[in-house]
1. Kindly evaluate Leu2 against the criterion of being of a type outside the set (Lys, Arg), at pLDDT below 80 and over 18 Å from Ser115 (Cβ atoms).
2. Could you list, ordered by first residue, the pairs with Cβ atoms under 7 Å in which the first is in region 1-21 and more than 21 Å from Val39 (Cβ to Cβ) and the second is open to solvent by less than 70 Å² (accessible area, probe 1.4 Å), at least 6 apart or interchain?
3. Among the candidates Asp93, Asp86, Asp76, single out the residue that is among the acidic types (Asp, Glu), closer than 24 Å to Phe125 by Cβ and modelled with pLDDT under 85.
4. Based on this model, can you work out whether Thr54 counts as within 17 Å of His102 (Cα to Cα), surrounded by fewer than 19 Cβ atoms within 10 Å (Cβ to Cβ) and among the polar types (S, T, N, Q)?
Amino acid sequence: MLPVWERQIPQSDIAQRALQLAEQFLTGETDDKTVREAVNRFVTGVENTAGTTTAELNAQLVGWACCKMLSLALSDCYVGEKTVHDAALDDWDYSLYAAGAHAGGFPFNERAFQSDPVRLQEFWFWYVEQAHRIAE
């Protein structure tokens with residue numbers, strides 16, 4: 001998924017830094033305060049990447065997936081105060097963002113941003129297969 005971000009938003013390395021920081025946190029190379037501060041900065045950065053094309057939307061979904069993954073590495077779920085405006089995005093799991101990025105959007109989006117049903121199914125088959133492999 002990183003190539004989607006890198007092609008559309010080459011001026012930002014938020015997605016790459018979020019993944020790197022998650023790995024550092026999981027290996028004990030950084031602390032939770034550093035991660036919490038970074039998540040807030042990264043989310044603001046991703047919010048500022050909103051675009052008008054399908055490719056730009058997909059890149060933003062990659063950014064959301066990376067930020068949510070970093071947040072989930074820190075804690076099981078986000079428990080901060082939510083407003084009506086950010087409740088929907090904050091409630092989504094990072095895998096949903098990744099699915100949307102892979103499929104070109106979501107089935108409930110407006111026509112221009114709707115997902116490709118074949119690619120959406122492809123992602124979820126892959127996701128379940130990976131989860132099953134890890135669980136065994």
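The values are calculated or read from the model by the stated rules, or taken from the named source; none is laboratory data. None of these values were measured; they are calculated from a predicted model. For neighbour counting, all protein chains shown are included, and Cβ atoms are generated from backbone atoms with ideal geometry for every residue, glycine included. Each accessible area value is taken on the protein alone, full model and side chains, heavy atoms only, with ligands, DNA and RNA left out. Shrake-Rupley method; radii C 1.70, N 1.55, O 1.52, S 1.80 Å.
1. no
2. Partner pairs satisfying both residue conditions: Gln8/Ala55; Gln8/Glu56; Gln8/Ala59.
3. Details: Asp86 fails: closer than 24 Å to Phe125 by Cβ; Asp76 fails: closer than 24 Å to Phe125 by Cβ.
Exactly one of Asp93, Asp86, Asp76 is among the acidic types (Asp, Glu), closer than 24 Å to Phe125 by Cβ and modelled with pLDDT under 85, namely Asp93.
4. Numbers: within 17 Å of His102 (Cα to Cα): yes; surrounded by fewer than 19 Cβ atoms within 10 Å (Cβ to Cβ): yes; among the polar types (S, T, N, Q): yes.
Against the criterion (within 17 Å of His102 (Cα to Cα), surrounded by fewer than 19 Cβ atoms within 10 Å (Cβ to Cβ) and among the polar types (S, T, N, Q)), Thr54 qualifies.
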